[in-house]
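Everything on this sheet refers to the single structure shown next.
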Amino acid sequence: MSQTALLKGRAALVTGSTSGIGLAMARALALAGANVMLNGLGDQGEIDKTRAALAAETGQDIRYHGANMLKAEEIADAVQKTDEAFGSVDILVNNAGIQHVSPLESFPEDKWDAIIAINLTSAFHATKAALPKMRRGGWGRIINTASAHGLVASVNKGAYVAAKHGIVGLTKVTALETAEEPITCNAINPGWVRTELVERQIEAKAGDLGCSVEDAAKEILSEKQPSMEFVTPDQLGGCLVFLCSPAADQITGISLPVDGGWTAR
Ligand code: NAD
């Protein structure tokens, strides 16, 4: 089967796909033949350009829904509009996420609430809305972008680690509730990926250590990621397409670490 035929005719919604990992995942799905509903925040002009570029590169129907992952009704509407645009919702990637780094004693309540809502609760709302459509279509793939922090912890990331451990749990429950159907649910657990979300942490580290940004990048790798290389968004897109392929039909409920050995220690 050619790579383009793999997901031909499939309809995908990827939350948080205006940048970083989500955008690479959307691209990987489109290159494999799926039509994709993008989602995320950002400048509307830039989003329009991203959407048009992806459509031109892949030849697929690429659309955009601006649902805010803090709002249940908007999330349900993104699922509904995906169904109306493409005639089904076959693949749901719950990927939107934010970070805030602070010790627990000074962790701002509003940041805690936003991280739990965007990184965890939004996946519940999207999964709840998508499952009936997958059942109607007789096929479904739900992939949750978790993190190495869904499996192990780090200091000063209380909300993020709680949300990512939570989404690993939600992944298992979704897998069990769909186990006898042609629907699977899995998590992908990246280590450090050099996106906007991490660039800010590298810059903060450079400030703390009084060193260059590149030296700070090496430092954060040496603390956690034995390969000493960043995972690339395209590698995560490849893992996603694998989890949507027939080879993965019996893989459900897993967390797939893509972390250069982070969680092997
Ligand atoms: P990113 O900042 O580049 O992308 C985050 C995406 O989420 C963007 O499209 C953004 O617009 C969207 N988003 C944020 N808040 C939103 C909201 N309220 N409503 C709708 N969309 C919203 O970061 P990234 O690194 O690509 O992160 C993507 C996912 O990967 C996140 O879940 C993150 O936790 C996870 N992750 C990242 C890394 C890493 O090292 N970068 C590692 C493990 C897991």
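Against the test of being under 19 Å from Leu29 (Cβ atoms) and open to solvent by less than 20 Å² (accessible area, probe 1.4 Å), the options Thr184, Thr195, Thr178 yield a single qualifying residue, Thr184.
Listed here are the residues, each with its yes/no results for (1) touching a Leu at 6+ places or on another chain (Cβ under 7 Å); (2) within 20 Å of Leu197 (Cα to Cα).
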residue: Ala72; (1), (2): no, no
residue: Val89; (1), (2): yes, no
residue: Asn95; (1), (2): no, yes
residue: Gln99; (1), (2): yes, yes
residue: His125; (1), (2): no, no
residue: Lys128; (1), (2): no, no
residue: Arg141; (1), (2): yes, no
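If you go through region 170-185 and pick out every residue that is aliphatic (A, V, I, L, M), closer than 19 Å to Leu120 by Cβ and touching a helix residue (DSSP H, G or I) at 6+ places or on another chain (Cβ under 9 Å), you end up with 1.
When restricted to residues that are within 16 Å of Ala34 (Cβ to Cβ) and charged (D, E, K, R), region 55-78 contains 3. Within region 65-99, being touching a residue at least 12 places away in the same chain (Cβ under 8 Å) and open to solvent by 50 Å² or more (accessible area, probe 1.4 Å) holds for Leu70, Asp77, Gln80, Lys81, Gly87, Ile98. Within region 41-63, does at least one residue satisfy the condition of being under 23 Å from Thr171 (Cα atoms) and within 13 Å of the ligand (Cβ to nearest atom)? Within region 41-63, not a single residue is under 23 Å from Thr171 (Cα atoms) and within 13 Å of the ligand (Cβ to nearest atom). Where the second residue is part of a strand (DSSP E or B) and the first is under 11 Å from Leu151 (Cα atoms) and lies in region 248-262, which pairs have Cβ atoms under 6 Å and are six or more apart or on separate chains? Listed pairs, sorted by first residue: Ser255/Ala187; Ser255/Asn189; Leu256/Ile188; Pro257/Asn189. Test Ala159 against the stated conditions and say whether it is farther than 21 Å from Leu243 by Cα, surrounded by fewer than 21 Cβ atoms within 10 Å (Cβ to Cβ) and without any contact (Cβ under 8 Å) to a residue 60 or more places away in the chain. No; evaluated as a whole, the condition is false for this residue. Does at least one position in region 182-203 carry a residue that is more than 15 Å from the ligand (Cβ to nearest atom) and part of a helix (DSSP H, G or I)? Among the residues of region 182-203, not one is more than 15 Å from the ligand (Cβ to nearest atom) and part of a helix (DSSP H, G or I), which makes the answer no. Just checking, does region 213-222 include any residue being outside the structural domain of Gly97 (by TED's automatic domain parsing), of a type in the set (Val, Ile, Thr) and without any contact (Cβ under 8 Å) to a residue 12 or more places away in the chain? Taking every residue of region 213-222 in turn, at least one turns out to be outside the structural domain of Gly97 (by TED's automatic domain parsing), of a type in the set (Val, Ile, Thr) and without any contact (Cβ under 8 Å) to a residue 12 or more places away in the chain.
Under the condition of being near the ligand (Cβ under 10 Å from one of its atoms) and among the hydrophobic types (A, V, I, L, M, F, W, C), which residue from region 137-159 is nearest to Glu180 (Cα to Cα)?
The qualifying residue nearest to Glu180 (Cα to Cα) is Ala146.
The number of residues in region 242-265 that are assigned to a helix (DSSP H, G or I), hydrophobic (A, V, I, L, M, F, W, C), in the same structural domain as Arg27 (by TED's automatic domain parsing) and surrounded by fewer than 20 Cβ atoms within 10 Å (Cβ to Cβ) comes to 3.
Summed over region 1-36, residues that are open to solvent by 10 Å² or more (accessible area, probe 1.4 Å) and away from the ligand (no atom under 11 Å from the Cβ) total 13.
The values are calculated or read from the model by the stated rules, or taken from the named source; none is laboratory data. Nothing here was measured: the structure is a model prediction, and the numbers come from that model. Quick reminder, even Gly has a Cβ in these numbers, built from the backbone with ideal geometry, and neighbours come from all protein chains shown. Keep in mind that these areas ignore ligands, DNA and RNA; they rest on the heavy atoms of the full protein, side chains included. Shrake-Rupley method; radii C 1.70, N 1.55, O 1.52, S 1.80 Å.
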